[in-house]
Amino acid sequence: MCRSRTLSLQTQYVGTETNKEEDEMFEVFTVYTASDGKKGIMVKMYLDNKNVDMQLDTGAAVSIVSETLYRKTLSHLPLGKTNMRLITYSGGKIPLLGQVRVPVKYEDQSATLPLVIVKGDRPALLGRNWLRKICLNWASIFSVERADVSGDKAVARVIEKHQKVFQEGPGTIKNFKAKIRTRPDAKPIFHKARPVPYALKEAVEKELSRLESTGIISKVDRSDWAAPIVVVPKSNKSIRICGDYKVTINQSVEEETYPLPNTQDVFATLAGGTLFSKLDLSHAYQQLQLDPDSEKYLTVNTHRGLYRYHRLSYGVSSAPSIFQAVMDQILQGLDHVVCFLDDILVTASSKEEHLKTLDEVLGRLEQYCVRVKLSKCKFMQESVEYLGHLIDC
C-alpha cells in the first residue's frame with residue numbers, strides 16, 4: 001500500500017579548486033546546497049561488488065562517499081590518511097575520515113581506485129580521477145538527456161523507443177481543442193498594457209519572441225478583448241507570461257464542472273505499487289490548441305502591442321478543468337496511472353509490469369503527440385514527490 005508524507009529535500013553538489021598552504025598541495029572541495037530537488041546524472045558503479053549509485057561531477061577532482069556508506073558497505077577495506085581538504089560553500093570545513101583503495105567495476109571495465117571518505121552522510125560523488133581510469137558509456141548517458149533512470153537499461157530502452165515524446169519544445173496535441181465557454185451576456189473588456197519592469201524587459205521580449213516563433217501567439221492589429229500580462233519567474237530563472245484574465249474573460253467564463261483528481265483518488269489508484277515513474281509535460285497548456293472562436297478571448301496587451309493566443313493559456317479560470325479532461329481521455333483505460341494536470345505518475349506491483357505500463361503510457365502520449373520534458377522526469381523510483389507528498393510503497 002502506498003504511503004505519503006510531507007517532503008523537504010535538499011541535494012548537494014560539489015566543485016573543486018586547488019590551493020597551496022605551507023608548501024603542501026591539496027584539493028579543496030566547495031560543497032553547496034540546492035533546493036530544487038535535482039540529483040544530476042547518476043551512474044551505477046560497483047564498489048567491491050556492491051552496487052552504489054554515484055553522482056557524476058566532471059568538475060570534481062576526486063571521488064567521495066560518506067562515512068555512512070563506508071561503514072555499511074566498505075568497512076573491511078583498510079582506511080588510510082589523506083591530505084584532501086573539503087570546505088562548504090560558505091567556508092566551513094568538512095571533516096574527513098580518510099581514504100581507501102577500492103575495486104571498481106563499470107560495465108565490462110574494472111580498476112582499483114582511490115576513494116575519499118567524508119564524515120557524516122553525504123551523496124556519493126564520481127569525480128575526474130576515476131574518469132581517467134574508467135571510460136563511461138557517454139552515448140547511453142546522453143541518450144536519455146540526464147533523465148533519472150539510475151542506470152536502468154530497460155528504462156533507457158523504453159525512452160529510446162518513444163524519442164518523439166521527448167523532443168524539445170511544445171507539441172500540438174491531436175484530436176482535441178480547447179473551447180472557452182462564455183455566458184450569453186458577456187461583453188468585451190479591453191485593458192491597456194502595463195509597464196514592464198526594466199529588469200524583466202529583456203526576459204519578457206525573449207519569451208514573447210519564443211511564443212511567436214513557435215506559433216503559440218501571433219501579432220494582431222486590433223481586438224475587442226485585451227488583458228494585460230503578468231510575468232511569473234520560474235525556478236530555472238526563465239519566466240512565464242500569463243494574461244491577467246481575471247480582469248477580462250474570467251468575469252464572463254462559464255464555470256467548468258469537470259473535477260480535478262483529489263488525493264484520495266490518487267492514492268487508491270497507486271495502491272500496491274512498488275516503483276514509481278513521474279512524467280512532466282513540457283509547456284503543458286501550450287500543447288493544446290484553442291478553438292478558433294475562442295482565440296479572441298485570450299488576446300493580451302504588451303509593450304510590443306497586441307498578441308492573440310492560439311493555444312490554451314495560463315491564467316484562464318477554466319483552463320485546469322479543460323486540460324485535465326483532455327489528459328484523462330488520452331490516458332483512459334490505463335491501470336495504475338494517475339494524471340494531475342501536467343504531472344503523470346505510473347506505478348505497478350513489479351518491475352516487469354511497471355515497464356509494460358510505462359511503455360503503454362508513452363505510446364499513448366506519442367499517439368496524441370503529447371510532449372514530455374525528459375530532464376524533469378523520474379523513472380523506477382522507490383519514492384517520488386507528487387502533489388506535495390512523498391509517496392512510497
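Within the bounds of region 236-255, is there any residue that is open to solvent by 30 Å² or more (accessible area, probe 1.4 Å), more than 30 Å from CYS377 (Cα to Cα) and part of a loop (DSSP other than H, G, I, E, B)? Checked against the condition, which is being open to solvent by 30 Å² or more (accessible area, probe 1.4 Å), more than 30 Å from CYS377 (Cα to Cα) and part of a loop (DSSP other than H, G, I, E, B), region 236-255 yields at least one hit. Scanning region 63-91 for residues that are open to solvent by less than 30 Å² (accessible area, probe 1.4 Å), at pLDDT below 90 and among the small types (Gly, Ala, Ser) yields one hit, SER63. Taking VAL316 and the conditions (1) touching a residue at least 40 places away in the same chain (Cβ under 8 Å); (2) part of a loop (DSSP other than H, G, I, E, B); (3) surrounded by fewer than 22 Cβ atoms within 10 Å (Cβ to Cβ), which numbered condition does it fall short on, given that it satisfies the others? Tallying (1) touching a residue at least 40 places away in the same chain (Cβ under 8 Å); (2) part of a loop (DSSP other than H, G, I, E, B); (3) surrounded by fewer than 22 Cβ atoms within 10 Å (Cβ to Cβ), VAL316 fails exactly one: (3).
Scanning region 181-213 for residues that are of a type in the set (S, T, N, Q) and either closer than 19 Å to VAL232 by Cα or surrounded by 15 or more Cβ atoms within 10 Å (Cβ to Cβ) (or both) yields THR182, SER209. A search for C-beta distances below 7 Å between a residue of region 164-191 that is under 30 Å from GLN367 (Cβ atoms) and any residue that is among the small types (Gly, Ala, Ser) and modelled with pLDDT of 90 or more, counting only pairs 6+ apart in sequence or on different chains, returns ALA178/SER294; LYS179/SER294; ILE180/SER294; ILE180/SER318.
Within region 253-270, residues that are hydrophobic (A, V, I, L, M, F, W, C) sit with their Cβ atoms under 8 Å from residues that are loosely packed, with under 12 Cβ neighbours inside 10 Å and assigned to a loop (DSSP other than H, G, I, E, B), at 6+ positions apart or across chains, in these pairs: VAL253/ARG183.
Could you tell me whether any residue of region 214-233 is open to solvent by less than 10 Å² (accessible area, probe 1.4 Å), polar (S, T, N, Q) and modelled with pLDDT of 90 or more? No, that holds for no residue. For region 291-301, check the following and say yes or no: at least one residue is more than 30 Å from GLY243 (Cβ to Cβ) and either surrounded by fewer than 17 Cβ atoms within 10 Å (Cβ to Cβ) or out of contact with any Leu (no Cβ under 8 Å at 6 or more places or on another chain) (or both). Among the residues of region 291-301, not one is more than 30 Å from GLY243 (Cβ to Cβ) and either surrounded by fewer than 17 Cβ atoms within 10 Å (Cβ to Cβ) or out of contact with any Leu (no Cβ under 8 Å at 6 or more places or on another chain) (or both), which makes the answer no. Among the conditions (1) touching a Leu at 6+ places or on another chain (Cβ under 6 Å); (2) at pLDDT 90 or above; (3) among the hydrophobic types (A, V, I, L, M, F, W, C), the only one that LEU390 does not satisfy is (2).
Where strands (runs of 3 or more DSSP E) fall wholly inside region 321-386, the ranges with 2 or more residues that are touching a helix residue (DSSP H, G or I) at 6+ places or on another chain (Cβ under 9 Å) and touching a residue at least 40 places away in the same chain (Cβ under 8 Å) are 337-340, 343-348, 378-381. The number of residues in region 256-297 that are assigned to a loop (DSSP other than H, G, I, E, B) and either touching a helix residue (DSSP H, G or I) at 6+ places or on another chain (Cβ under 6 Å) or of a type outside the set (Asp, Glu) (or both) comes to 15.
Taking (1) open to solvent by less than 10 Å² (accessible area, probe 1.4 Å); (2) farther than 17 Å from ARG240 by Cα; (3) not polar (S, T, N, Q) in turn, TYR307 satisfies each apart from (2).
The values are calculated or read from the model by the stated rules, or taken from the named source; none is laboratory data. Note that the structure is a prediction, hence the values are computed from the model and not measured. Glycine gets a Cβ as well: all are built from the backbone with ideal geometry, and neighbour counts include every protein chain shown. In case anyone asks, the SASA skips ligands and DNA or RNA and just uses the protein heavy atoms, side chains included. Shrake-Rupley method; radii C 1.70, N 1.55, O 1.52, S 1.80 Å.
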